Amino acid sequence: MSITDKDVQHVAKLARLNLTPEEEQMFTGQLNAILQYAEKLNELDTEGVEPTTHVLHLSNVMREDEVRASLPIEKVLLNAPDEEDDQIKVPAVLE
Amino acid sequence: MSLFDYKLSEIHNKLQNKELSVTDLVDQAFTRISEREDRVKAFITLDEEGARASAKTLDDKLAAGGTRGLLFGLPVGIKDNIVTEGLRTTCASQFLSNFTPVYDATVVGKLRAADTVTIGKLNMDEFAMGGSNENSSFYPVRNPWDLDRVPGGSSGGSAAAVAAGEAYFALGSDTGGSIRQPASYCGVVGLKPTYGLVSRFGLVAFASSLDQIGPLTKNVEDSAYVLQAIAGYDPMDSTSAKVDVPDYLSALSGDVSGLRIAVPKEYLGEGVDAQVKETVLNALKVLEAQGATWDEVSLPHTEYAVATYYLLASSEASSNLARFDGVRYGVRSDNAGSLIDLYHESRSQGFGDEVKRRIMLGTYALSSGYYDAYYLKAQKARTLIKQDFDKVFEQYDVIIGPTAPTTAFKLGAQVDDPLTMYLNDILTIPVSLAGVPAVSVPCGFADGLPVGMQIIGKAFDESTVLRVAHAYEQNTEHHKRRPEL
């Protein structure tokens, strides 16, 4: 498999990145080199091998659904780039 | 002898006996920083005012008498991807260049409870992605042993600050070698605990199935003290393990007689520098002289680890870094007309090349049609890599090899070739994938540059890892050498 400029444009869109034409060209080359290296994994017979998501024997860690204190609004807004009426403000979502 | 040559326990005794005050320690740290930091560049943010205020409070506490904890009053540097309430935390990214956390990471809370003094936030590769610190969006860290060389990464600031005596100890994070490799390059002790031993609550996530926080220190005893303070279950981190934390200090018996060491032939093979190999073989002789034995073994899937790691870690990173959208915190682009533009513009302006590269790789590997071929295949390869370790640990107590295939390289030497850069982590990545603990300890020098030996243990057996490292250190002087700056 090899990645084309078009793939890179598609992936950049999925990743919410704008790339300059130079970046597009650079990433196409570099991602191809990395993925070509990753093809090495195809040498491995993984038939019947279970995937490891992480090494602890944990799944679905549950806790009681209790009401707990959350951060006060002033603190939450301390890092907000823009705010109005105790809410985070963003540009229009719909035209 | 400078204060920085003492072990933490010796400084503790001096504080307890009133030969020293916390203010003295903080003074010393900032004097060192003023003398060296313009060359080393280990810190992104310094908090002299906060540190002096804490020192004063702690000195009052000390004057009131009583026995204080072992880390009481010690100036510490924190890697800048671990959140600190009221102290800017950037992950070395322009995206977070204005971000001041509103809570402490669990490890920071534990250190505060132990009465340490935070002196600043340490430089790193942006979002912990890199092995040379050249991916910091602020400035690269320099290796205190040779300022033209990299300190390693991503916890390069943590390793360099300890090596240069700017901090008494430091916290770093390790995803594929980010504590151990810089420790090796800078001649300090760097411990990556077992996955799940130390809480990651408040560690800005890179690859959640691999990230661990650990200490960088000048010697093994200090490492044990710091680990003791930060280890343990945390309900705020659902992947933290419910295990009893043993007394790591009591493990430092100095006794390795009868210890069975495995030395993987893959860790001394092609790509490993001849001097590094020789230095590590000499270190094994030191352990042999103390009654340990070693055999050559094989970890046959080692050659697949780097590919496995870059697919898994990048995939997880692409998902974790989706939160940086310019809405709630961080630097928001001014150029956005709509919400979707705001995401695109803020991310494109805020992230550096390596971060974008890994987000692109991960997004591709997880995208429709490629998931099975890349992500799932890598997760299966990870199982095979882990089984290699399980098998060896049926017969051996520890696995030993070099931490990195070479000593520190020159700044700029690998910057245009991401794949070569990734291969510097070839000996640390398999350990991360297996989730087991490992420490890098100074084991000698090659052409004046430090070489690290990696001691790898069974899951949650940090006690044995530290015992072996300590026994080695007791019989050598490498860890006492300091760079001339």
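The values are calculated or read from the model by the stated rules, or taken from the named source; none is laboratory data. What you see is a predicted model; the values in this text were computed from it and never measured. As a convention, Cβ positions derive from the backbone with ideal geometry for all residues, glycine included, and neighbour counts pool all protein chains shown. We work out accessible area using only protein heavy atoms, side chains counted, and drop any ligands, DNA or RNA first. Shrake-Rupley method; radii C 1.70, N 1.55, O 1.52, S 1.80 Å.
Candidates are the residues of segment A:69-95 that are open to solvent by less than 70 Å² (accessible area, probe 1.4 Å) and part of a loop (DSSP other than H, G, I, E, B); the one that is farthest from the other protein chains (Cβ to nearest Cβ) is A:Pro72.
With B:Val102, B:Val76, B:Val83, B:Val117 as the choices, which residue is among the aliphatic types (A, V, I, L, M), buried (at least 21 other Cβ atoms within 10 Å of the Cβ), within 14 Å of another protein chain (Cβ to nearest Cβ) and over 18 Å from B:Tyr139 (Cβ atoms)? Of the residues listed, the single one that is among the aliphatic types (A, V, I, L, M), buried (at least 21 other Cβ atoms within 10 Å of the Cβ), within 14 Å of another protein chain (Cβ to nearest Cβ) and over 18 Å from B:Tyr139 (Cβ atoms) is B:Val83. Residues in segment B:342-373 that are more than 26 Å from the chain's Cα centre (by Cα), farther than 14 Å from B:Ala317 by Cβ and either facing another protein chain (nearest Cβ under 7 Å) or modelled with pLDDT of 95 or more (or both): 8 in all.
A count restricted to segment A:12-43 and to residues that are more than 7 Å from chain B (Cβ to nearest Cβ) and assigned to a loop (DSSP other than H, G, I, E, B) stands at 2.
Being surrounded by 17 or more Cβ atoms within 10 Å (Cβ to Cβ), more than 25 Å from B:Gln379 (Cβ to Cβ) and more than 10 Å from chain A (Cβ to nearest Cβ) is the requirement here; does B:Ala283 meet it? Yes; evaluated as a whole, the condition is true for this residue.
One residue alone among B:Asp244, B:Asp295 is over 30 Å from B:Arg68 (Cβ atoms), of a type outside the set (Lys, Arg), open to solvent by 50 Å² or more (accessible area, probe 1.4 Å) and away from chain A (no Cβ under 14 Å), and that residue is B:Asp295.
When segment B:313-330 is filtered for residues that are at the interface with another protein chain (Cβ under 9 Å from one of its Cβ atoms) and touching a Ser or Thr at 6+ places or on another chain (Cβ under 6 Å), the ones remaining, listed by number, are B:Ser318, B:Gly326.
The number of residues in segment B:291-330 being out of contact with any Asp or Glu (no Cβ under 8 Å at 6 or more places or on another chain), at negative phi and in a loop (DSSP other than H, G, I, E, B) comes to 6. Annotation: A:Val8 fulfils all but one of (1) more than 8 Å from every other protein chain (Cβ to nearest Cβ); (2) under 22 Å from the mean Cα position of the chain (by Cα); the unmet one is (1).
Of all the listed residues (B:Glu354, B:Glu316), the sole one being more than 21 Å from B:Ser137 (Cα to Cα) and either touching a residue at least 24 places away in the same chain (Cβ under 8 Å) or open to solvent by 20 Å² or more (accessible area, probe 1.4 Å) (or both) is B:Glu316.
Applying the set (1) under 29 Å from A:Leu71 (Cα atoms); (2) within 20 Å of the chain's Cα centre (by Cα); (3) touching a residue at least 60 places away in the same chain (Cβ under 8 Å) to B:Thr90 leaves exactly one unmet item: (3).
Looking only at residues in segment A:1-11 that are farther than 22 Å from B:Asp325 by Cα and in a helix (DSSP H, G or I), the one that is most open to solvent (accessible area, probe 1.4 Å) is A:Lys6. Of all the numbered requirements in (1) over 30 Å from B:Asp417 (Cβ atoms); (2) open to solvent by 60 Å² or more (accessible area, probe 1.4 Å); (3) under 22 Å from the mean Cα position of the chain (by Cα); (4) facing chain B (nearest Cβ under 8 Å), A:Val55 misses one, and that requirement is (2). Restricting attention to segment B:439-453, does a residue exist that is open to solvent by less than 20 Å² (accessible area, probe 1.4 Å), within 24 Å of A:Lys40 (Cβ to Cβ) and in contact (Cβ under 8 Å) with a residue 24 or more places away in the chain? Checked against the condition, which is being open to solvent by less than 20 Å² (accessible area, probe 1.4 Å), within 24 Å of A:Lys40 (Cβ to Cβ) and in contact (Cβ under 8 Å) with a residue 24 or more places away in the chain, segment B:439-453 yields no hits at all. Residues in segment B:331-341 that are open to solvent by less than 30 Å² (accessible area, probe 1.4 Å) and either assigned to a helix (DSSP H, G or I) or more than 7 Å from chain A (Cβ to nearest Cβ) (or both): B:Ser333, B:Leu339. Residues satisfying the criterion are absent from segment B:23-43 (criterion: of a type in the set (S, T, N, Q), open to solvent by 70 Å² or more (accessible area, probe 1.4 Å), over 24 Å from B:Glu477 (Cα atoms) and not in a helix (DSSP H, G or I)).
Looking across segment B:427-484, the residues that are assigned to a loop (DSSP other than H, G, I, E, B) and over 30 Å from B:Lys410 (Cβ atoms) come down to B:Gly435, B:Val436, B:Pro437, B:Gly457, B:Lys458, B:Ala459, B:Phe460, B:Asp461, B:Asn475. Just one of (1) at the interface with chain A (Cβ under 7 Å from one of its Cβ atoms); (2) within 29 Å of A:Ser2 (Cα to Cα); (3) open to solvent by 10 Å² or more (accessible area, probe 1.4 Å); (4) among the charged types (D, E, K, R) trips up B:Arg382, so point out which. (3) is the only condition that B:Arg382 fails.
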